[in-house]
1. If amide H atoms are built 1.01 Å from N in the plane of the peptide, which residues on other chains or at least 5 residues away come under 5 Å of the amide H of Ala192?
2. Around Phe185, what is the net charge, scoring Lys/Arg as +1 and Asp/Glu as -1 over all other residues with Cβ under 12 Å from its Cβ?
3. Using only the alpha carbon atoms of segment 41-183, find the Kirkwood hydrodynamic radius as the inverse mean reciprocal pair distance, in angstroms to one decimal.
4. No solvent, one uniform scatterer per C-alpha: report log10 I(q)/I(0) for segment 103-183 via the Debye equation at q = 0.12 1/Å, two decimals.
5. For labels at Arg205 and Ser50 in the simple 7 Å Cα→Cβ model, what's the distance in nm?
6. Can you compute the modelled spin-label distance between Leu96 and Leu14, with each label point 7 Å from Cα toward Cβ, in nm?
Amino acid sequence: MFLGEFSCLVAFYLLQCRAARHPDASVDPQQPFNPLLFLPPALCDMTGTSIMYVALNMTSASSFQMLRGAVIIFTGLFSVAFLGRRLVLSQWLGILATIAGLVVVGLADLLSKHDGQHKLSEVITGDLLIIMAQIIVSIQMVLEEKFVYKHNVHPLRAVGTEGLFGFVILSLLLVPMYYIPAGSFSGNPRGALEDALDAFCQVGRQPLIALALLGNIGSIAFFNFAGISVTKELSATTRMVLDSLRTIVIWALSLALGWETFHPLQILGFLILLMGTALYNGLHRPLLTCLSRGQSPAEEGERERLLDASRTAINDAS
């Protein structure tokens, strides 16, 4: 993941070289800033992602993606606390609707039939870990928004700097993880927390794994660049709203491939989550505008006459 993010830094310096050769290139001048500012977001990214992938082994992919919608709640609250943003009534209603949707999705997990791979206790633990990870991810989003706005950092440079920190830190952590026993929690023959040598052997023997890793690196590089571009141009919460729309794709694919069973409560939970994200992002305003424009000509004419009469009365009084 961090290797994909780090590749954005290479792309940034390639653009810088192109801008130096062609002054008319559309690259904004960069303000000097301390790269260590992006160390806290990188640590949040590393911690939150690690917790989420541990939780993904305990629950279904669709529930994993739906519960990630909780990040809208914490991102909105932290934006108020640390960025001084004021939320309007519709955004608070969106947060409440998101909470209700999360409750329905969690209830669907409790009531659904679990196979031998996922026990009920594991599903509950996984769901709680996912929500816990969203708190960390929301801190990352708010920190990125604060630093990107303040220092006008190019999105490629911001993502690449985080990727560099994360890649170096996790590469160093692989050494102690190789010697830490993990018992049944481990998935490698040695029973260690992480066996990088065994991973490289698997990649060498199975070219399909290498192809999947390369695809993952490319998709993560593009996804994070697009995400932080949205953060720079709009806001951190808008980025999370757009990110939550992946849910329906993952859910439909899981059902189509038979990886999980259908539960009606998941539809209700997803619709409530979708309503919450729509309210938070102000998507209800165009609908209200269309409804107001749908008034009959007689009602519109009566409204104009009343307004004209009130304006005349005010002018006469003055």
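1. Placed amide hydrogens put Ala182 under 5 Å from Ala192.
2. Around Phe185, the surrounding residues sum to -2.
3. Result for segment 41-183, one decimal place: 17.0 Å.
4. One equal scatterer on each Cα of segment 103-183 leads to -0.67.
5. Distance between label points: 2.8 nm.
6. Rounded to a tenth, the inter-label distance reads 5.0 nm.
Since every read-out is calculated from the coordinates, none of them should be taken as a lab result. Because the structure is predicted, anything quoted here is derived from the model rather than measured. Note that each Cβ is placed from the backbone with ideal geometry, even for glycine, and that neighbours are counted across all protein chains shown.
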